[in-house]
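One structure is given below, encoded as structure tokens.
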Amino acid sequence: MIRTALTELLGVRYPIIQGGMAWVAESSLASAVSNAGGLGIIAAANAPADYVRAEIRKTREKTDRPFGVNVMLLSPYAEEIAAIAAEEKVPVVTTGAGNPGPYMAQWKEAGIKVFPVVASVALAKMMQRAGADAVIAEGCESGGHIGETTTMALVPQVADAVRIPVVAAGGIGDGRGLAAALMLGADGVQMGTRFLVAEECVIHPNYKESVLKAKDIGTAVTGRSTGHPVRTLRNQMTKEYLKREKEGCSFEELEEMTIGSLRRAVQEGDTKNGSMMAGQIAGLVSREQTCGEMVQEIAQQAEELLSHVDRFM
Ligand code: TUI
């Protein structure tokens, strides 16, 4: 049994949080991860506030365990969703793609545990000062919108810089990743890509198949030139995007290519022109399982490794 400051803080069995994947992480996945003993997360992404409120209520029908909502701060509905999270008194809020400072007081007043995702030491320190309960240090191995620094370099620097618990994210897909994250000074992990292929994850089967088949070098980062770098599985769309980006295409033209692309991947299973967000660990993810099987396997593998660390001494 792995007990850390994170399992204590959240009241969960395993120090495993499911990533707040846009268009992917809804009540079915979130409740399955929470029922498995981890922390399931509903992604608000760019969805309207009513959708998020309905997903919160559906999750509550499917689990009695703690869960969270991820507020994507670039969303036009971020402010409304922040208010709904407070109104609904969700146990945990995670945030992404920005600084959640303006919403912190509202969430803390509602008794919510706030876990901002950070990609730098500076934001981690700022979040601690603003009253965050933990920070999720996300390396650039992650899928979706990413920062600059790898998990290996970011996590120990964030762990040294803050007193609150640290959750490692990016490039973690099994018990080895969990054990390594604890060695780096983290108190738990957040995983997205592994949960993409969970039985309870409702994405199109073509997207799942692409993750299962992906190799170590199967992802690419588009949008570095626009200031919105995004990691996805390589396909026709990333090839075309990177070509145009190299040619110096305008921001507007590049953005236009990606409009609706995540929905095309998740709902229509368009593996050619859809944006299949996934992390570099996709090459390791090779089996569809239930969330229960995944969480148990990951925790068991980490426990086994950690109970034998003395073999190096
Ligand atoms: O947010 C994510 N991952 C995401 S959000 C998303 S939806 C989207 N799609 C296309 C373009 C933009 C968003 C898909 N994947 N991860 C957490 C994360 N946050 N990674 C990096 C950051 C981050 C970056 C800069 C957080 C804060 C920040 O600066 C804040 C500031 O103002 O200093």
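Going through segment 108-138 one residue at a time, which ones are more than 16 Å from the ligand (Cβ to nearest atom), open to solvent by less than 10 Å² (accessible area, probe 1.4 Å) and under 10 Å from ILE164 (Cβ atoms)?
Residues of segment 108-138 more than 16 Å from the ligand (Cβ to nearest atom): 108-113, 131, 133.
Next cut, open to solvent by less than 10 Å² (accessible area, probe 1.4 Å) only: 112.
Within segment 108-138, none qualify.
Restricting ALA122, ALA159 to residues that are touching a residue at least 24 places away in the same chain (Cβ under 8 Å), among the aliphatic types (A, V, I, L, M) and assigned by TED's automatic domain parsing to the domain that holds SER34 narrows the list to ALA159.
Which members of segment 38-48 meet the condition of being surrounded by fewer than 24 Cβ atoms within 10 Å (Cβ to Cβ) and closer than 12 Å to PHE67 by Cβ? Listed by number, the list is empty, since nothing qualifies. Only residues that are open to solvent by 90 Å² or more (accessible area, probe 1.4 Å) and in a helix (DSSP H, G or I) were counted across segment 222-267, and they come to 8. For segment 89-107, the set of residues classified as near the ligand (Cβ under 9 Å from one of its atoms) and either assigned to a strand (DSSP E or B) or outside the structural domain of ALA119 (by TED's automatic domain parsing) (or both) consists of THR94, THR95, GLY96, listed by residue number. Considering each residue of segment 155-164 in turn, none proves to be out of contact with any Ser or Thr (no Cβ under 8 Å at 6 or more places or on another chain), open to solvent by 50 Å² or more (accessible area, probe 1.4 Å) and near the ligand (Cβ under 9 Å from one of its atoms).
Quick one: in segment 277-313, which of the residues that are in a loop (DSSP other than H, G, I, E, B) and out of contact with any Lys or Arg (no Cβ under 9 Å at 6 or more places or on another chain) is most open to solvent (accessible area, probe 1.4 Å)?
Narrowing segment 277-313 to residues in a loop (DSSP other than H, G, I, E, B): 278-279, 285-288, 290, 307-308, 313.
Add one more test, that the residue is out of contact with any Lys or Arg (no Cβ under 9 Å at 6 or more places or on another chain), and what stays is 287, 290, 307-308, 313.
Details: ARG287: 128, THR290: 37, SER307: 74, HIS308: 83, MET313: 193 Å².
Here the answer is MET313.
Against the list (1) outside any helix (DSSP H, G or I); (2) open to solvent by less than 80 Å² (accessible area, probe 1.4 Å); (3) within 22 Å of SER142 (Cα to Cα), the condition LYS215 fails is (2).
Looking at VAL52, VAL69 in this structure, which one is under 13 Å from the mean Cα position of the chain (by Cα) and among the aliphatic types (A, V, I, L, M)? Spell out the reasoning first.
Details: VAL52 fails: under 13 Å from the mean Cα position of the chain (by Cα).
It is VAL69.
Against the numbered list (1) within 23 Å of LYS208 (Cβ to Cβ); (2) open to solvent by 10 Å² or more (accessible area, probe 1.4 Å); (3) more than 15 Å from the ligand (Cβ to nearest atom), ILE2 comes up short only at (1).
The C-beta contact set for segment 26-38 (first residue closer than 18 Å to THR7 by Cβ, second residue among the small types (Gly, Ala, Ser) and open to solvent by 10 Å² or more (accessible area, probe 1.4 Å), distance under 7 angstrom, 6+ apart or interchain) comprises ALA36/GLY292. Take segment 63-78 and flag every residue that is among the charged types (D, E, K, R) and surrounded by fewer than 17 Cβ atoms within 10 Å (Cβ to Cβ). Hit for segment 63-78 is ASP64, nothing else. Does at least one position in segment 10-22 carry a residue that is more than 16 Å from the ligand (Cβ to nearest atom) and in a helix (DSSP H, G or I)? So far as segment 10-22 goes, yes, one or more of its residues are more than 16 Å from the ligand (Cβ to nearest atom) and in a helix (DSSP H, G or I). For segment 194-206, a tally of residues being buried (at least 24 other Cβ atoms within 10 Å of the Cβ), part of a helix (DSSP H, G or I) and touching an Asp or Glu at 6+ places or on another chain (Cβ under 9 Å) returns 1.
The values are calculated or read from the model by the stated rules, or taken from the named source; none is laboratory data. All of these numbers come straight from a predicted model, not from anything done at the bench. Note that each Cβ is placed from the backbone with ideal geometry, even for glycine, and that neighbours are counted across all protein chains shown. For accessibility, only protein heavy atoms count, side chains too; no ligands or nucleic acids. Shrake-Rupley method; radii C 1.70, N 1.55, O 1.52, S 1.80 Å.
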